[in-house]
Amino acid sequence: MENLIDYLNPLSYMTLEEYLAWWNWAFATLFQGVVARVLAMTCLAFAFWYGAYKQRLAVGIFFYALTILLSYVTSVTRFFGVG
């Protein structure tokens, strides 16, 4: 079990600077531009599909929350001076 935890810990095989650079790249790529818009529209479509058509409210709310996260995380991070 301890080997599994060490394997899943990214700081065991990369430096802290590389780890932070990877997360900065991932957030900059995912939450800005065309990729974020496509993912947000897809999640919004899934929210309506599961929430209204399939009558699965929990799954619909999950996709709606994911849509909000993808849509507004860049604005919020810029407001707080993080991104």
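The values are calculated or read from the model by the stated rules, or taken from the named source; none is laboratory data. Being a predicted model, the structure only gives us computed values, none of them experimental. FYI the Cβ positions are ideal-geometry reconstructions off the backbone, even for glycines, and counts take in every protein chain you see.
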Practice task
Count, please, the residues in the stretch 27-38 that happen to be over 13 Å from Tyr72 (Cβ atoms) and not small (Gly, Ala, Ser).
Solution key: 6
Exercise for the section: Please go through the stretch 65-83 and pick out each residue that is outside any helix (DSSP H, G or I) and either without any contact (Cβ under 8 Å) to a residue 40 or more places away in the chain or within 14 Å of the chain's Cα centre (by Cα) (or both). Expected result: Phe80, Gly81, Val82
Practice task
State the number of residues belonging to the stretch 44-83 that are under 20 Å from Trp25 (Cβ atoms), in contact with a Phe, Trp or Tyr (Cβ under 8 Å, 6 or more places away or on another chain) and of a type in the set (Gly, Ala, Ser).
Solution key: 1
Exercise for the section: Quick one: in the stretch 12-31, of everything that is hydrophobic (A, V, I, L, M, F, W, C) and at pLDDT below 85, which residue is surrounded by the fewest Cβ atoms within 10 Å (Cβ to Cβ)? Expected result: Ala26
Practice task
Out of the residues in the stretch 51-76 that are among the small types (Gly, Ala, Ser) and surrounded by 13 or more Cβ atoms within 10 Å (Cβ to Cβ), state the one that is nearest to Val38 (Cα to Cα).
Solution key: Ser71
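Give the stretch 5-23 a look and list any residue that's hydrophobic (A, V, I, L, M, F, W, C) and either within 26 Å of Val82 (Cα to Cα) or touching a Phe, Trp or Tyr at 6+ places or on another chain (Cβ under 6 Å) (or both), or say none.
Restricting attention to the stretch 5-23, the residues satisfying the condition of being hydrophobic (A, V, I, L, M, F, W, C) are 5, 8, 11, 14, 16, 20-23.
Result: Leu11, Met14, Leu16, Leu20, Ala21, Trp22, Trp23.
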